[in-house]
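Here is the structure we will look at, set down as structure tokens.
The values are calculated or read from the model by the stated rules, or taken from the named source; none is laboratory data. Please read these numbers as outputs of a predicted model, since none were measured by experiment. Quick reminder, even Gly has a Cβ in these numbers, built from the backbone with ideal geometry, and neighbours come from all protein chains shown. Accessible surface areas use protein heavy atoms only, side chains included; no ligands, DNA or RNA. Shrake-Rupley method; radii C 1.70, N 1.55, O 1.52, S 1.80 Å.
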Amino acid sequence: MGELIRLEGIVKSFDDTVVLKGIDLSVEENEFVTLLGPSGCGKTTTLRIIGGFVRPDEGRVFFDGKDITDMPANQRPVNTVFQNYALFPHMNVGENIAFSMRVKNKPEAYIKDKIKYALKLVNLDGFESRRIDQLSGGQQQRIAMARAIVNEPRVLLLDEPLGALDLKLRQEMQYELVRLKKELGITFLYITHDQEEALTMSDKVVVMNEGYIQQEGSPEEIYDEPVNAFVADFIGDSNILSGLMVDEKLVRINDIDYPCIDGSEQGFPPRTPVDVVIRPEDIEIKPYGKGLFNGTIISKLFIGVHYEMLVQSEDGEIEWLLQNYDQHDVGEKIGMYVRPENIQIMQKPKSEAESAIELDI
Amino acid sequence: MIAKKRYAAPFIFWIIAGTVIPLISIAYYGFTSRSGGFTLANVAAMFRHDHMQALGLSLLLAFISTLICLIIAFPMAMVLRESKYGKQGFLIFVIILPMWMNFLLRTMAWQVLLERQGVINGLLGLFGLPHQELMNTPGAIILGMVYDFLPFMILPIYNTVSKIDSHLIEASYDLGATKFRTYTKVILPLSVPGIVSGITMVFIPALTTFVISNMLGGGKINLIGNIIEQEFTVNSNWYLGSGLSLVMMVFIILSMLLLRKFDKTGGENLI
């Protein structure tokens, strides 16, 4: 496995708006990489730069070691699955899939076999002569995939391909995509604003905001060790609090000291102001007075698997978000405990990149 | 439902008074002889040599001017599609601008430009070049037709191409197609409804015009429109004029049906 795509210092503005403010990204061969971020974070522009539809103002794009910044889209060894599928409405399913092969003047027998193979791969056997407007959204999605993969690209760029589908179909298609990726053995660069989708499917997640990359890492790293408040907030519900390191591996939040596992070695020496993330499922409920801190349950919601509760601290300063399988009543006074390893210490935003993001939360 | 149909009453009245009754009277005159009896002679008169010649010339000139309009209009429509929003409005304004002037005036302006002592020959003279006979030629008529009818070709084509999803064009490039192939395999096929509509809006008025051929052909070139007009005005032979008109109508209906074959949308854009 080597590096397949590399972006170096990509800057792009549209009119007066700077959309990408210096993107460096590396994608390994055969990786499933997801660009994740809210709308307007620049993820689609990044993908379009790799696809060849947008030219960066600054920076270079490398593919397999070669600079392809100035290569037109029709010569790039990548294919895109567009958000709205972009299937040609004046052609039937077979003609759509055959398009790229006819461009390359492949023999008709080869094209016919390849269409059959692609349709089988996306579970739409025998759909060759269907009209595009006869297909459902999910079927169009699969055809768009089929059309892109018959070209045998080394990278498939997917621009929120599941965005227009309903929840159940979306979850099914997530499995399909992972299966397809395995069968094809090619690199997927996927774009979404859905954190669950990103965590489910990817080998690597790249969180973007305001034209900057916030964090790159495996889904577990991104979830368990967010580098800043934006990433923590964007990847799932969390309690994000302001704290102060009072000793090695001891952080003070709202006058209560919590043992944690970070200290000088991790770059958080005593008297450093920090941001602290505690996931709602990591807060354990104890009898009143038996935990690290106490509070009163002020609301409770049943959301399927578990209960979600808001707990107000005794001095009224903090509202904790909790998720727990056990039922507790509103008004009940409880004690709470968090294991040291579940307290995630993060740097306070310093650079423009991070502080720009603070405002958004 | 029944109550709502009442709102269509003004339109229905308009259609009956303006289309149905005149059509019936043309049909009546067309199948009636001067003596008042039924006859097919007025209709059959289309096959007279001079009429056939005029019809042939009309078809030829209408075909050529429609083709020229199409060749000018399609790239223009694509330029419009690609231009920025503010510029787009201005360009459309410029295209429609000539239509604000009276049709006769516009055609007359070409007389001034093309005639023997006209602007163009004046300029040629300045450079010591010989005079050209520009007026009263088929070329002058084609020029007039193209000038007068071009907006009717640009607007429907622009209307269609502006609605083509740019992701489709990107998808074509993405799948390896060249610019040329993208035009022929994606943009052009998706523009067919607009092209068909534009052809109809240019070909039919060009086929039946008598004003342009009168003003720029100097009465020397007879198109089928001129012949029908003369039957009504000069010869006061409403019977023959109506008969020939009926044949032309059939002609136009046939050509529209033929065009519809190219338009997979089922001809909803046809007039």
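Restricting to segment B:118-136, give me the number of residues that are without any contact (Cβ under 8 Å) to a residue 12 or more places away in the chain and either small (Gly, Ala, Ser) or closer than 16 Å to residue B:217 by Cα (or both). So the answer is 3. Sub-8 Å Cβ pairs linking a first residue in segment B:169-195 that is facing another protein chain (nearest Cβ under 10 Å) to a second residue that is buried (at least 19 other Cβ atoms within 10 Å of the Cβ) and basic (Lys, Arg), at least 6 apart or interchain, are B:172/B:185; B:175/A:147; B:177/B:185, ordered by first then second residue. Of the numbered criteria (1) of a type in the set (D, E, K, R); (2) closer than 27 Å to residue A:56 by Cβ; (3) not assigned by TED's automatic domain parsing to the domain that holds residue A:14, the one residue A:216 fails is (3).
Restricting to segment B:177-191, give me the number of residues that are touching a Ser or Thr at 6+ places or on another chain (Cβ under 8 Å) and open to solvent by 20 Å² or more (accessible area, probe 1.4 Å). Result for segment B:177-191: 3. Out of B:174, B:148, one residue alone is open to solvent by less than 20 Å² (accessible area, probe 1.4 Å) and in contact with a strand residue (DSSP E or B) (Cβ under 8 Å, 6 or more places away or on another chain). It is B:174. Screening segment A:179-236 for residues that are of a type in the set (Phe, Trp, Tyr) and out of contact with any Phe, Trp or Tyr (no Cβ under 6 Å at 6 or more places or on another chain) and picking the one that is farthest from residue A:347 (Cα to Cα) gives A:190. Residue check: is residue A:314 in the same structural domain as residue A:276 (by TED's automatic domain parsing), of a type in the set (Asp, Glu) and open to solvent by 90 Å² or more (accessible area, probe 1.4 Å)? Answer is yes for this residue.
The helices (runs of 4 or more DSSP H) located wholly in segment A:56-167 that include 2 or more residues which are open to solvent by 40 Å² or more (accessible area, probe 1.4 Å) and facing chain B (nearest Cβ under 10 Å) occupy A:93-103.
Scanning segment A:107-138 for residues that are without any contact (Cβ under 8 Å) to a residue 12 or more places away in the chain and among the polar types (S, T, N, Q) returns A:134, A:136.
Restricting attention to segment A:299-311, the residues that are touching a strand residue (DSSP E or B) at 6+ places or on another chain (Cβ under 6 Å) and open to solvent by less than 70 Å² (accessible area, probe 1.4 Å) add up to 8.
Checking B:61, B:55, B:97, B:113 one by one, the residue that is closer than 26 Å to residue B:220 by Cα and open to solvent by 40 Å² or more (accessible area, probe 1.4 Å) is B:113 and no other.
Going by what's in this entry, would residue A:7 be described as closer than 29 Å to residue B:168 by Cβ, part of a strand (DSSP E or B), more than 16 Å from the chain's Cα centre (by Cα) and in contact (Cβ under 8 Å) with a residue 24 or more places away in the chain? Criteria met by residue A:7. Would a scan of segment A:46-53 turn up a residue that is facing another protein chain (nearest Cβ under 10 Å), under 30 Å from residue A:195 (Cβ atoms) and not small (Gly, Ala, Ser)? Yes, that holds for at least one residue.
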